[in-house]
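One structure below.
The values are calculated or read from the model by the stated rules, or taken from the named source; none is laboratory data. Please read all numbers here as calculations on a predicted model, not as lab measurements. Backbone-built Cβ (ideal geometry, glycine too); neighbour counts: all protein chains shown. Only protein heavy atoms, including side chains, enter the accessible area calculation; ligands, DNA and RNA are left aside. Shrake-Rupley method; radii C 1.70, N 1.55, O 1.52, S 1.80 Å.
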Amino acid sequence: GIQVEQSPPDLILQEGANSTLRCNFSDSVNNLQWFHQNPWGQLINLFYIPSGTKQNGRLSATTVATERYSLLYISSSQTTDSGVYFCAPTSGGGADGLTFGKGTHLIIQP
Amino acid sequence: DSGVTQTPKHLITATGQRVTLRCSPRSGDLSVYWYQQSLDQGLQFLIQYYNGEERAKGNILERFSAQQFPDLHSELNLSSLELGDSALYFCASSVRGQGHGELFFGEGSRLTVL
């Protein structure tokens, strides 16, 4: 199946900082989602982005499918941004579930 | 609120027992997916149902089974439970089956096996 590598694995930032999280994947994709898992364990949809760029407030994401990577940008970080960010693509076959990376554990300090 | 409902939220049971986790998908969604999140394995895809039929299988153990009912809710049955089955079990739903639309996750059912 598709392999997913997220970097960095851990990130500690001060409130107000910007960050870029990266997701590399090994195969062509027809779906890619970014999720935020908050400290209570909830998985929150951030972006559905198999290709192109999307923005939602302080967050934006870009997927370059031909080069097999996706980036999540977080600007002006807030403490509520803390948690684990997962990238989850589906390979071109489309019949399998999303494959989750190991995530980036983000801690925003006040 | 994603619109996906899972029950129970927490469950504590003993080894060897059997439990059933329930999921109601978002209104209009035909696909239901089950995922297991454990500390050592991360988030793993277990199984997918689309409109009542099994569509794809992932790393689901033979002790586990699932089904999707005519009203589209789904149940995940876990039997002969072992300590290692302790995990957070998520259900997700989407409109589409193959090729996937956007998946929306429930809040999860946290299973503790003692």
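Working only within the range B:23-34, note down all residues that are open to solvent by 10 Å² or more (accessible area, probe 1.4 Å) and touching a residue at least 40 places away in the same chain (Cβ under 8 Å). Write out each step before concluding.
In the first step, residues of the range B:23-34 are kept if they are open to solvent by 10 Å² or more (accessible area, probe 1.4 Å); the result is B:24-28, B:30.
Selection gives B:Ser24, B:Pro25, B:Arg26, B:Gly28, B:Leu30.
When we screen B:Glu62, B:Glu75 for residues that are of a type in the set (Asp, Glu) and in a strand (DSSP E or B), the only hit is B:Glu75.
How about the range A:1-70: which strands (runs of 3 or more DSSP E) wholly inside it have at least 2 residues that are open to solvent by less than 70 Å² (accessible area, probe 1.4 Å) and either aliphatic (A, V, I, L, M) or closer than 25 Å to B:Tyr33 by Cβ (or both)? Don't jump to the end; show me each part of the working.
Details: elements: A:4-7, A:10-14, A:19-25, A:29-37, A:43-48, A:52-56, A:59-64.
The qualifying strands (runs of 3 or more DSSP E) are A:4-7, A:10-14, A:19-25, A:29-37, A:43-48, A:59-64.
Might you check whether a residue that is closer than 24 Å to B:His10 by Cβ, more than 10 Å from chain A (Cβ to nearest Cβ), of a type in the set (A, V, I, L, M, F, W, C) and touching a helix residue (DSSP H, G or I) at 6+ places or on another chain (Cβ under 7 Å) occurs anywhere in the range B:64-86?
We begin by selecting, within the range B:64-86, every residue closer than 24 Å to B:His10 by Cβ; these are B:64-69, B:73-86.
Filter again for more than 10 Å from chain A (Cβ to nearest Cβ), leaving B:64-69, B:73-86.
Checking which are of a type in the set (A, V, I, L, M, F, W, C) leaves us with B:64, B:66, B:69, B:76, B:78, B:81, B:83.
Adding the requirement that they be touching a helix residue (DSSP H, G or I) at 6+ places or on another chain (Cβ under 7 Å) leaves B:78.
There is at least one residue in the range B:64-86 that is closer than 24 Å to B:His10 by Cβ, more than 10 Å from chain A (Cβ to nearest Cβ), of a type in the set (A, V, I, L, M, F, W, C) and touching a helix residue (DSSP H, G or I) at 6+ places or on another chain (Cβ under 7 Å).
Residue pairs whose Cβ atoms lie under 7 Å apart, separated by 6 or more positions or on different chains, with the first residue in the range A:5-23 and under 21 Å from A:Phe47 (Cα atoms) and the second among the basic types (Lys, Arg) and at pLDDT 95 or above, are A:Gln6/A:Arg22; A:Ser7/A:Arg22. Taken over the range B:45-72, the criterion of being hydrophobic (A, V, I, L, M, F, W, C) and farther than 14 Å from B:Tyr35 by Cα is satisfied by B:Phe69, B:Leu72.
The set of residues in the range B:95-112 being open to solvent by less than 10 Å² (accessible area, probe 1.4 Å), at pLDDT 85 or above and not small (Gly, Ala, Ser) consists of B:Leu103, B:Phe105, B:Leu111.
For A:Gln78, are the conditions met, namely being open to solvent by 60 Å² or more (accessible area, probe 1.4 Å) and not hydrophobic (A, V, I, L, M, F, W, C)? Considered against the rule, which asks whether it is open to solvent by 60 Å² or more (accessible area, probe 1.4 Å) and not hydrophobic (A, V, I, L, M, F, W, C), A:Gln78 comes out as yes.
Report yes if B:Asp29 is outside any strand (DSSP E or B) and within 14 Å of another protein chain (Cβ to nearest Cβ), otherwise no. Lay out the reasoning, then the answer.
Working: outside any strand (DSSP E or B): yes; within 14 Å of another protein chain (Cβ to nearest Cβ): yes.
Against the criterion (outside any strand (DSSP E or B) and within 14 Å of another protein chain (Cβ to nearest Cβ)), B:Asp29 qualifies.
With respect to (1) assigned to a strand (DSSP E or B); (2) open to solvent by less than 10 Å² (accessible area, probe 1.4 Å); (3) closer than 25 Å to A:Val29 by Cβ; (4) in contact (Cβ under 8 Å) with a residue 60 or more places away in the chain, the lone exception for B:Ile47 is condition (4).
Here is the figure for the range A:71-94: residues that are more than 25 Å from B:Tyr33 (Cα to Cα) and touching a Lys or Arg at 6+ places or on another chain (Cβ under 9 Å) total 8.
B:Gln37 fulfils the conditions (1) open to solvent by 30 Å² or more (accessible area, probe 1.4 Å); (2) on the phi < 0 side of the Ramachandran plot; (3) assigned to a loop (DSSP other than H, G, I, E, B) except for a single criterion, (3).
For every residue, the table says whether it meets (1) open to solvent by 10 Å² or more (accessible area, probe 1.4 Å); (2) in contact with a Lys or Arg (Cβ under 8 Å, 6 or more places away or on another chain).
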position	(1), (2)
B:Leu43	yes, no
B:Leu61	yes, no
B:His73	yes, yes
B:Asn77	yes, yes
B:Leu81	no, yes
B:Ser93	no, yes
